[in-house]
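Here the structure comes first, spelled out in structure tokens, and everything after it is commentary.
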């Protein structure tokens, strides 16, 4: 049995020799869907080829020399030609690609995702009008992420460095695989109900597009959109936008960046406050100096020095005005009284009773004053108003 004990290098060499000797592992075609595409400046292309059940790593060295397309994207269906390779140093099993032929359709998942994005955009889910601003000085944040990932540690560490007294609520949730959609949604809804939380961060560290796919689910995106508190989509990826990135109030490329854009640095705040304090102190002191100078100048002015004299002069002017008004008021009252007497005399002269006293009378018939003999007829009853009484009479004769 001791003859079967290998070190790692020996074992990997045996595996490589075995792989290289299998004819079926060379010069074959392989169909699948692209994922995790990375073009390197070195001229090499790395990606994963997958179907519904499995996936395999692939590499195309010096892809430009092999006329491999430079516009490959996530979800493209392709047929590649190549060999199986085994990299001894890392023990990696991969496909060494010699040629790639693109098909005319993209992957089923991406097709559905693009359709979903178009529909949600038309319905206004991505509109800037629906995005809430982040609080300027949050005191409490809520986090929905995996409790075992590096993302949570990075968030908490970064937050404490920036603001050592900030409060952090963590809702541990699965962020990939079966049940992750429900747990992410439950985490957002739970933290959203806690009054003291100022904003929510939901996300995870990096991974393949398959690992991140829960954040492309419509239900999760709607949970982001319906969150009443400001929410950040913090999923560790730099390429294409996930659905939650488009729906969230703010998108962060990594969990760490979500803290950098939402939690201010306490030292910087205190420094700004000190600057403001110094500025206001200087401003107030300058204002006091100017006010003192103005007061000193006024105290030496002619007006200020002769203030009492001006008051005495004003009193004299007031007294003279009072005398003038009093004198003129008497003349005005006398004229008014004279005019009033004249008006009274006119009214007395026009008084109907005074006219009756001179022998005149008022004749009425049916409450109508009679001015002409033509207005009455024989046997009409008349009412005659005299100075000291009245008479009733019947017309016996009318002379015209």
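Just so it is clear, none of the values below were taken in a lab; they were calculated from the coordinates. Only a predicted model underlies this, so the values are computations on that prediction, with no experimental measurement involved. Methodologically, a virtual Cβ is constructed for each residue, glycine included, from the backbone with ideal geometry; neighbour enumeration extends over all protein chains shown.
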How far apart, in nm, are the 7 Å Cα→Cβ label points at residue 51 and residue 14? 3.2
So if R0 is 25 Å, what FRET efficiency would residue 190 and residue 131 give, r being the distance between their Cβ atoms, rounded to the nearest 0.05? 0.70
For the range 62-135, calculate the relative contact order in percent as a whole number, restricting contacts to Cα pairs under 8 Å that are 6 or more residues apart. 27
Normalising by the residue count of the chain, find the relative contact order in percent from Cα pairs under 8 Å and 6+ residues apart. 9
Which value at 222 nm does the chain reach when only helices count, each DSSP H run of 4 or more adding -39,500 (n - 2.57), with the total divided by all residues and rounded to the nearest 500 deg cm²/dmol? -13500 deg cm²/dmol
Relative contact order for the range 355-394: what percent, with Cα pairs under 8 Å and sequence separation of 6 or more? 41
How do 203-214, 372-383 rank on mean C-beta neighbours within 10 Å, highest first? 203-214, 372-383
For the range 1-142, state the semi-axes of the equivalent ellipsoid (square roots of 5 times the eigenvalues of the alpha-carbon gyration tensor), sorted largest first and rounded to whole angstrom. 41, 23, 14
Hits in the range 132-163: amide N under 18 Å from the 7 Å Cα→Cβ extension of residue 274, namely 162-163
Full-extension gain between residue 139 and residue 281, please, as 0.36 nm times their residue separation minus the C-alpha to C-alpha distance. 48.3 nm
Which shape class, rounded, prolate or oblate, goes with the range 123-168 when its Cα gyration tensor gives a ≥ b ≥ c as root eigenvalues, a/c under 1.5 marks rounded, and past that a/b bigger than b/c marks prolate? oblate
Give the shape of the range 76-156 as rounded, prolate or oblate, defined through the alpha-carbon gyration tensor: a ≥ b ≥ c are the square roots of its eigenvalues, a/c under 1.5 means rounded, and otherwise the shape is prolate if a/b is larger than b/c and oblate if not. oblate
So what's the angle, to the nearest 10 degrees on a 0 to 90 scale, between helix 307-349 and the longest Cα principal axis of the chain? 50
By average C-beta atoms within 10 angstrom, highest first, the peptides 387-394, 24-31: 24-31, 387-394
How many angstrom separate the Cα center of the range 304-345 from the Cα center of the range 37-115? 108
Taking 0.36 nm per residue of separation between residue 361 and residue 374 and subtracting their Cα-Cα distance, the length gained on full extension comes to 2.9 nm
Length added when fully stretched, residue 260-residue 92, from 0.36 nm per residue minus Cα-Cα: 56.8 nm
